[in-house]
Structure formats: C-alpha cells, structure tokens
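What follows is a set of notes on a single structure, which appears directly below.
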Amino acid sequence: MRQVRWRRISKFLLAAIALALMFAIPMRQARSTCDPSYPTICIAPPPPDLDCADIAYRNFPVLPPDPHNFDGGPNRRPDGVGCELPP
Ligand SMILES: [Ca+2]
C-alpha cells in the first residue's frame, strides 16, 4: 500500500518537475536574448552594438541603461523613446 502511494507521489513529482522545466527554460532564453532596456520589443544586448539603421523598430519605449543608445545621440537628449522617426 505504501509503495503504491509512493509511486503516485513520485509520478506527480516527476510531472511537476517536467512542467517547471518546460516553463523555466524558455523564460531563461527569453531573458538572455531580449535586453530589458527595450521592454516592448526583443533586441539582444550588445555585442554587437546596434544602431537604429540595423533594426526595423521605430518610436519604441527605452529604459536606462539603453546599451545600444537607441534613445538620444550626439544632438538629441534621451526622452525614453528610441529611434524616433524624423518629424
Ligand atoms: Ca529619443
């Protein structure tokens, strides 16, 4: 009787571990490939250092530290919006 119960518990534990791995592995990949400075799009952190000409996104939210410097530049002050289209 105890063996049957233990088998059920171990089956449940194996299923729980498998489920946890199924969800944890893709989340870890997403975290390592998408830089948190660009929360609405997925851009990998440098290297390589990208410029606006290297990506298709425009007018997207940018959070510090903005490692690619999509927001701001030599003649622009950072305003939290990356790769703005010219007015
Ligand atoms: Ca900007």
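The values are calculated or read from the model by the stated rules, or taken from the named source; none is laboratory data. Predicted model only: the values in this text are computed from it and were never measured. Because the Cβ atoms are built from the backbone with ideal geometry, glycine has one as well, and the counts that use them run over all protein chains shown.
Things to note:
- Residue match in region 19-42 (condition: in contact with a Ser or Thr (Cβ under 8 Å, 6 or more places away or on another chain), at pLDDT 75 or above and not basic (Lys, Arg)): yes
- Residue within region 37-58 that is on the phi > 0 side of the Ramachandran plot, within 11 Å of the ligand (Cβ to nearest atom), exposed (fewer than 14 other Cβ atoms within 10 Å of the Cβ) and in a loop (DSSP other than H, G, I, E, B) present: no
- Residue within region 73-81 that is surrounded by 12 or more Cβ atoms within 10 Å (Cβ to Cβ), in a loop (DSSP other than H, G, I, E, B), of a type in the set (A, V, I, L, M, F, W, C) and at pLDDT 75 or above present: no
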